[in-house]
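Here the structure is laid out as structure tokens; the discussion comes afterwards.
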Amino acid sequence: MREQFNQQLDELTSKLVHMGTLVVESLQKAIKAFINKDAEAAQKIIEEDEKINAIFIEIEEKATILIATEQPVASDLRRIMSIVKTSNNLERIGDHSVHLGKSTIRLKDEKYIEPVISMIPHMAEICIGMVNDAITAFMNSDVELAVEISKRDDQIDRLHEKLFDDIIQIMKTDPDIILQATDLLFIIRFLERLGDHVTHICEWIVYMSSGDHVELNQ
């Protein structure tokens, strides 16, 4: 019975890793579509988000069944809860790809504002690296890596603060770009929230490994 339970738990972890891979790919495609003003690619990203949502629902359902039928011990229960909570954060990160795709479609005929546009891909690159590394840290129960990843959120926050101020100043001097600037404010907010979601994932990695509830990068 224990061997069967371990196999089911490994399968649940594999689904989480697959979900994380899809989320990273979605983010990479979304920022590329945004840079290239590729509305067609952006629309595809929006449609493909259903795959990520479906895996999230499947993980929740299978985790509930495991808890209800197998009566897991404390360490197993922590792992199951961490998988569920991490999948929830990944689902929300996937939603940010959708938001970026929708903004891309709205702005496809606009002349992008510089130098703001040049900084957004850099911000996104840091975010994508955080997500990718967080999945690795989860797979390996690597607390040290999780703590290091969470510290990168400071870079995201600093970029968000600078870009926010820059966009507001541009809006004051050129009212004609207010619609684009509003979209850009939402985009950098999505990326800032993305960093927070990855930090939450890192906190669940620590909990899974040690049983300690911690607040990282406060």
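The values are calculated or read from the model by the stated rules, or taken from the named source; none is laboratory data. Quick caveat, the model's predicted, so the values are computed rather than measured. Every residue, glycine as well, gets a Cβ built from its backbone with ideal geometry; the counts of neighbours run over all protein chains shown.
In the set (1) touching a residue at least 24 places away in the same chain (Cβ under 8 Å); (2) closer than 24 Å to residue 130 by Cα, residue 38 fails one condition alone, (2). The criterion of being surrounded by 15 or more Cβ atoms within 10 Å (Cβ to Cβ), within 17 Å of the chain's Cα centre (by Cα) and β-branched (Val, Ile, Thr) does not hold for residue 143. Suppose the filter is assigned to a helix (DSSP H, G or I), farther than 15 Å from residue 157 by Cβ and in contact with a helix residue (DSSP H, G or I) (Cβ under 8 Å, 6 or more places away or on another chain); does residue 186 pass it? Answer is yes for this residue.
Under the condition of being under 17 Å from residue 93 (Cβ atoms) and of a type in the set (Ser, Thr, Tyr), the residues counted in region 12-63 number 2.
Quick grid of which residues meet (1) assigned to a helix (DSSP H, G or I); (2) in contact with a Lys or Arg (Cβ under 8 Å, 6 or more places away or on another chain); (3) modelled with pLDDT under 95:
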{"position": "105", "(1), (2), (3)": "yes, no, no"}
{"position": "134", "(1), (2), (3)": "yes, no, no"}
{"position": "137", "(1), (2), (3)": "yes, no, no"}
{"position": "156", "(1), (2), (3)": "yes, no, no"}
{"position": "160", "(1), (2), (3)": "yes, yes, no"}
{"position": "172", "(1), (2), (3)": "yes, no, yes"}
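For the condition assigned to a helix (DSSP H, G or I) and either within 19 Å of the chain's Cα centre (by Cα) or at positive phi (or both), residue 50 qualifies. Each residue in region 10-61 was checked for being surrounded by fewer than 19 Cβ atoms within 10 Å (Cβ to Cβ), closer than 24 Å to residue 188 by Cβ and of a type in the set (S, T, N, Q), and 3 of them qualify. Cβ-Cβ distances below 9 Å connect the following pairs, each with a first residue in region 58-75 that is in contact (Cβ under 8 Å) with a residue 40 or more places away in the chain, a second residue that is assigned to a loop (DSSP other than H, G, I, E, B) and aliphatic (A, V, I, L, M), and a separation of six or more residues or different chains: 70/1. For region 114-165, the set of residues classified as small (Gly, Ala, Ser) and more than 19 Å from residue 89 (Cβ to Cβ) consists of 118 only. Within region 114-124, does at least one residue satisfy the condition of being outside any helix (DSSP H, G or I) and on the phi > 0 side of the Ramachandran plot? For region 114-124, residues outside any helix (DSSP H, G or I) and on the phi > 0 side of the Ramachandran plot: absent.
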